[in-house]
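The values are calculated or read from the model by the stated rules, or taken from the named source; none is laboratory data. Treat the numbers as computed from the prediction; the structure is a model and nothing was measured. So basically every Cβ, Gly included, is an ideal-geometry build from the backbone, and we count neighbours across all protein chains shown. Heads up: the accessible areas ignore ligands, DNA and RNA and are worked out on the full protein's heavy atoms, side chains in. Shrake-Rupley method; radii C 1.70, N 1.55, O 1.52, S 1.80 Å.
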Amino acid sequence: MGDDPIDPGQRLLAERRLLAALRRHRRRSPLRDDVRVDTLVGELRAGEPARATGHRGRRPLTLTDGELRSVVDGMVATGTLLRSGHRVQLPDSAPSLDPIMRERVDDLLATLAAGGATPPAAEFVGTRLGIPPALIDQLRAAGELVSVAPRIDYPHAAWLEISHRLDLLADAGAPSVRRVRDELGTARRHAEAILRHWNRSRSTR
């Protein structure tokens, strides 16, 4: 084993199972290509048998969590994984959806865009299209959906257009809820949420 305190067989086994755990995680979160190291270790543990056995088809992994993190460090050093802070990912990986789910997401975005400044709730449309709620949350995290308030989401392109219209409206003075409502032809609840989110995003530009 030389200077390596981890048994080579256990290291190789851990590397294979860490990669399998990372792929499982990505199947559940297809729009997020990286994962925290501690989450990855937990994903590996969740896939292990409740009690280690000597069965030839499932060799027991005996490494501690600290040793598994050391294995991750080694995989980063060899280029098997890429690290950014406490997160790791596969090289050249990119968030992606399978073609059927991508088509459903595109239908969702089109339906919301067709609603203008008063779109239907994303969760409601998603349920009708067969999109799980967790994927709606991932669309928000990935920036494909801009959430301005609970149950009020806009496709990214639609929000940019709304934001631009408010920028123009601001040239004549600070927009009020009433002016936003009349300009966008929307309900007061939506106008309030839009104005609040626009003011927040403006302060960070």
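Which ones in segment 161-178 are assigned to a helix (DSSP H, G or I) and either surrounded by 12 or more Cβ atoms within 10 Å (Cβ to Cβ) or on the phi > 0 side of the Ramachandran plot (or both)?
We begin by selecting, within segment 161-178, every residue assigned to a helix (DSSP H, G or I); these are 161-170, 177-178.
Hits for segment 161-178 are GLU161, ILE162, SER163, ARG165, LEU166, ASP167, LEU169, ALA170, VAL177.
When segment 179-205 is limited to residues that are open to solvent by less than 70 Å² (accessible area, probe 1.4 Å) and hydroxyl-bearing (Ser, Thr, Tyr), the one that is nearest to PRO119 (Cα to Cα) turns out to be THR186. Evaluated against (1) open to solvent by 60 Å² or more (accessible area, probe 1.4 Å); (2) part of a loop (DSSP other than H, G, I, E, B); (3) of a type outside the set (Asp, Glu); (4) at pLDDT 95 or above, ALA117 falls short on exactly one condition, (1).
Among residues of segment 124-147 being open to solvent by 60 Å² or more (accessible area, probe 1.4 Å) and over 13 Å from PRO30 (Cα atoms), the one that is modelled with the lowest pLDDT is PRO133. Look at (1) open to solvent by less than 60 Å² (accessible area, probe 1.4 Å); (2) outside any helix (DSSP H, G or I); (3) more than 30 Å from ARG189 (Cα to Cα) and you find that MET101 fails only one, number (2).
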